[in-house]
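Participant: Next up is a structure, given as structure tokens.
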Amino acid sequence: MEFASMQLSIREVSRLLKVSEKRVNEWIRRGILRADAINHQYQLHRSDLLELASSGEIDVRAEIFSSTKPDDGDAFLLVDALRAGGIFRRPGGTDKLAVLRDIVDTLTLPPRVDREAVVQLLLAREAMGSTAIGEGIAIPHVRRPILLSGCAASISLYLLERPVDFGAPDDKPVFAIFLIISPTARTHLLLLSRLSFALHDSELRKVLARRAPSADIVGEFQRIEDVIRHRARKDARQS
């Protein structure tokens, strides 16, 4: 299965998320997952699948990273994307809007990009439901990802001195915010899926919670990247 295939069947979603097809159908009925009826069969979009995976409530199969054909090679690696985006220590703010404005102001963006428009896109997504995934972590993003042609893929991490209320499912204020910028939709989806996988790791969460030095955080992502490669190779051999 190539990552370029954005449409997934219920059976494929069931296998990738390690849940029953009955559960997938239930998510569709409840509106948790959006699906299109094509030839009397449901088809789900990969971006919606990753939206659910990024909630932190479900596991993500490493197989989702295998058999991919990236357009820009190592730019798909989590560690490279994190180094490109940077790790920032920020004071935080009194509310979500103030924090998002501060984050967007620090991004390295081409002059043509309207920063206020980016803020409004992020706020519109938050109005649909919080992007906080629990344990003090949020991944603000939009269903139409922030795509900047000609720019390297990046993940920026913001560690807040004063956590802010993001309406998280566990009611915990957010202290760690990840923001993804990508040159293509495919890159965005792959980075989001890998980041979602990484944030299930308890050791990484501990490092983030103590606002560890940047080198330690990058080291944890490198360890997880190695796990992704190992599991993907194992899945490929078993298929």
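Participant: If a residue has to be modelled with pLDDT of 80 or more and either of a type in the set (A, V, I, L, M, F, W, C) or assigned by TED's automatic domain parsing to the domain that holds S196 (or both) to count, how many in the range 14-24 make the cut?
Facilitator: So the count comes out to 2.
Participant: Can you confirm whether F197 is buried (at least 19 other Cβ atoms within 10 Å of the Cβ) and modelled with pLDDT under 90?
Facilitator: Values: buried (at least 19 other Cβ atoms within 10 Å of the Cβ): yes; modelled with pLDDT under 90: yes.
Answer is yes for this residue.
Participant: Still on this structure, please answer the following. Within the range 153-166, is there a residue that is closer than 21 Å to S202 by Cα, assigned to a loop (DSSP other than H, G, I, E, B), small (G, A, S) and assigned by TED's automatic domain parsing to the domain that holds F221?
Facilitator: Scanning the range 153-166 turns up no residue that is closer than 21 Å to S202 by Cα, assigned to a loop (DSSP other than H, G, I, E, B), small (G, A, S) and assigned by TED's automatic domain parsing to the domain that holds F221.
Participant: Just checking, does the range 214-225 include any residue being over 20 Å from T108 (Cβ atoms), of a type outside the set (D, E, K, R), loosely packed, with under 15 Cβ neighbours inside 10 Å and in contact (Cβ under 8 Å) with a residue 40 or more places away in the chain?
Facilitator: Yes: one or more hits.
Participant: Here is a follow-up. Among all residue pairs at least 6 apart or on different chains, which show Cβ distances below 6 Å where the first residue, located in the range 151-177, is within 14 Å of L97 (Cα to Cα) and the second is part of a loop (DSSP other than H, G, I, E, B) and among the hydroxyl-bearing types (S, T, Y)?
Facilitator: Here the result reads F166/S130; G167/S130, each pair linking the range 151-177 to a residue that is part of a loop (DSSP other than H, G, I, E, B) and among the hydroxyl-bearing types (S, T, Y).
Participant: Testing R143 on (1) surrounded by fewer than 15 Cβ atoms within 10 Å (Cβ to Cβ); (2) modelled with pLDDT of 90 or more; (3) in a loop (DSSP other than H, G, I, E, B), one condition comes back false. Which one is that?
Facilitator: Failed condition: (2).
Participant: Could you figure out which of (1) modelled with pLDDT of 85 or more; (2) over 24 Å from I224 (Cα atoms); (3) not acidic (D, E) isn't true of R112?
Facilitator: Condition not satisfied by R112: (1).
Participant: Also: Output the residues belonging to the range 200-213 that are over 18 Å from A81 (Cα atoms) and surrounded by 13 or more Cβ atoms within 10 Å (Cβ to Cβ).
Facilitator: Filtering the range 200-213 down to residues over 18 Å from A81 (Cα atoms) leaves 200-203, 205-207, 209-212.
Residues satisfying the conditions are H200, D201, R205, V207, A209, R211, A212.
Participant: Report yes if some residue within the range 110-130 is assigned to a helix (DSSP H, G or I) and among the hydroxyl-bearing types (S, T, Y); otherwise report no. Show your work before the answer.
Facilitator: Narrowing the range 110-130 to residues assigned to a helix (DSSP H, G or I): 115-128.
Filter again for among the hydroxyl-bearing types (S, T, Y), leaving none.
There is no residue in the range 110-130 that is assigned to a helix (DSSP H, G or I) and among the hydroxyl-bearing types (S, T, Y).
Participant: Only one of these is assigned by TED's automatic domain parsing to the domain that holds G129, of a type in the set (A, V, I, L, M, F, W, C) and not in a helix (DSSP H, G or I): F175, F221, F197. Name it. Explain how you work it out, then say what you get.
Facilitator: Details: F221 fails: not in a helix (DSSP H, G or I); F197 fails: not in a helix (DSSP H, G or I).
Testing whether each residue is assigned by TED's automatic domain parsing to the domain that holds G129, of a type in the set (A, V, I, L, M, F, W, C) and not in a helix (DSSP H, G or I) leaves just F175.
The values are calculated or read from the model by the stated rules, or taken from the named source; none is laboratory data. Small disclaimer: the values here were computed from a predicted structure and weren't measured. Neighbour counts run over all protein chains shown; Cβ positions are idealised from the backbone, glycine included.
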